[in-house]
Each structure stands twice: as structure tokens, then as C-alpha cells.
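Below you'll find the structure, written out as C-alpha cells, and then a few comments.
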Amino acid sequence: MEAMSRALRQTSNRSVEVPSTLSRIAKQSEMVFHRWVQQVHSGRLGPFTVERANRLLDTSYINRKGKMSGEQSTYKLIYFNARGRAEHIRYIFAYAGIDYIDERITRERWPELKKSMPYGMLPVLEIDGKPIAQSNAVARYLARKHNLTGRNEWEAMMCDVLVDTLGDLKQFISQYRTEEDHFKKEEKKAKLLKETIPFYLNKFEQTVGENGGYTVGNTTTWADFVFAVALENFENMFGATALENYPGLRELKERVHQIPAIVNWLVKRPHTEF
Ligand SMILES: N[C@@H](CCC(=O)N[C@@H](CS)C(=O)NCC(=O)O)C(=O)O
């Protein structure tokens, strides 16, 4: 199929993106496409037929799932009744205006449901009934689809750098929160507040300052959503003044929370502790 795609690109001015996963419809036509390509190569077919082949392969006609263009995938986001690792995904859905089922499962239901989840954890996004695990893989996929990964590959990478680095900080905070030994917990808290949190937040503050108030490249990206969610949690955890030394981060959080589509979500989302 790749070779066919290349062949068609070479024989036509139009750029054609061939679906890597062929739909049933496209698969049935594969033999026909193949014959076309051979004939195009041998010079036996004119531009009219090439144009027709292009139309059939064109992603705007049949997308990667074999859906006709304009047809919307169905989404069901399965998570607990919490913001947790699902909230940035909900922000993306809100921002992009995508309908989805926000299924919040109870702790009682979880042991049974766990068995049927891809890796026994949540969140999981069902895309057209297919369960997909890993919150950030899901968020990145939706962000790519809805132009929330910046203006180029470099900015898409920078989104990942920031999201993953924030993930490192969250990991340290989580180690403190789950520590059961009182003495060790206090020790961890002191180190967090004195060293770890200032180290990361100063770096993030600088980045946001360099990017005109955005995490990446002066435009709204999914990384902004991840930060807005985390910074809100951070204030809930350490108090309303926790960000007072980081005005850029506080403004970033506030800016995201003033985007009308996000405001709509914030007013209607269920109130949860975390
Ligand atoms: N890396 C995964 C981690 C998922 C994860 O840790 N999920 C937790 C809830 S936040 C979970 O499902 N816990 C229940 C369990 O492990 O049984 C992601 O980001 O999606």
C-alpha cells in the first residue's frame, strides 16, 4: 500500500495520504488500486484515471477507520468519579467540542471491570468500542486530531517534554502523599517544599514566561490543559497561596480556566475531591 501511495504521488500533482490500516472497503479495492498503479507506471493510464484512483484513496473520502468523511468516532471515557488522570482528556473533549460518554465507575464495580480493561487500570477511552489505555497516549491522540500539539513537530515534542517533566514532579508528590510512616512523610514534605517543588516550578515559570503565557509556542496546546489541571490540584493540596511566587503559572491556569468551552465544562462537571 505504501508503494501504491508513493506511485500515485509521483504520477499526480495531488498529494495522497493512504490509510495505513485499510478499511474493509479499501481492502476490497486493493487489487483494483494495484492494477491502476501498475498501469500508471507503465504509462497506459491517463490523468483522468489517476485522479479517480486518488479520489478513492483520499483520506477525506475514506479515513483510517473506513468512515466516510465527517463521520464522528464515538467515545466513552471510563474512569473513577475523580478528576485524577482523566481530567485533561475531558478538557480536550470540551475544548474541541466533542461529544463523549463520561462514565464514572464506582469502587464497588471496579474489581469486576478491572479484569476486562487492557492493563487493569483506568482511565480507558473506548474509541468506537475499542478500549485504549494510558491517559497521556489517549490525550496525545486526541490532541493531534484536534490541533492541540502546537504548530509543528518540534512544538509537539516540547508538549511531551513538559507533560512528562510535570509527571516527574507529580510522582514525587505522590510518593509523599502515599507515605504512611509519619516521620518519613514529614521528611518528604520538607524536601518537597524546600527543594523539589521550587526546582520544577521555577523552571516551568521560566518556560511559560518565554512562551507568552503558554507552556509551548504561544498557542493553546494540550500541555496547557495538563498544567492547568495539575496547578489547580497543587493549590488544593498546598493552599491558595501556593502559586504566589509563580505568577506566570497562576496566569496560565487562570487563562485556561477562562476559555469559554472549558468554563462550560467546569460549571457542569461533578464536584470531586481530587
Ligand atoms: N500510566 C497510567 C496509570 C493509570 C493508573 O495508575 N490508574 C489508577 C487510577 S489513577 C488505577 O487504575 N488504579 C486502580 C487499580 O490499579 O486497580 C495512565 O496514565 O493511564
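Where a number appears in this text, it was derived from the coordinates with a stated rule and is not lab data. What you see is a predicted model; the values in this text were computed from it and never measured. Backbone-built Cβ (ideal geometry, glycine too); neighbour counts: all protein chains shown.
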For this session: Scan segment 101-119 and report the pairs whose first residue is within 20 Å of Ala137 (Cβ to Cβ) and whose second residue is within 13 Å of the ligand (Cβ to nearest atom) and among the small types (Gly, Ala, Ser), with Cβ atoms within less than 8 Å and a gap of 6+ or a chain change.
Result: Lys114/Gly120; Met117/Ala133; Pro118/Ala133; Tyr119/Ala133
Exercise. Within segment 162-177, is there a residue that is away from the ligand (no atom under 16 Å from the Cβ), polar (S, T, N, Q) and either buried (at least 17 other Cβ atoms within 10 Å of the Cβ) or under 13 Å from Phe227 (Cβ atoms) (or both)?
Worked result: no
Problem set entry | Filtered residue count, segment 111-152, keeping only those that are among the hydroxyl-bearing types (Ser, Thr, Tyr), within 12 Å of the ligand (Cβ to nearest atom) and closer than 28 Å to Thr220 by Cα | 1
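Here's the yes/no breakdown for (1) in a loop (DSSP other than H, G, I, E, B); (2) surrounded by fewer than 17 Cβ atoms within 10 Å (Cβ to Cβ):
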| site | (1), (2) |
| --- | --- |
| Asn233 | no, yes |
| Thr241 | yes, yes |
| Gly248 | no, no |
| Glu251 | no, yes |
| Arg255 | no, yes |
| Asn264 | no, yes |
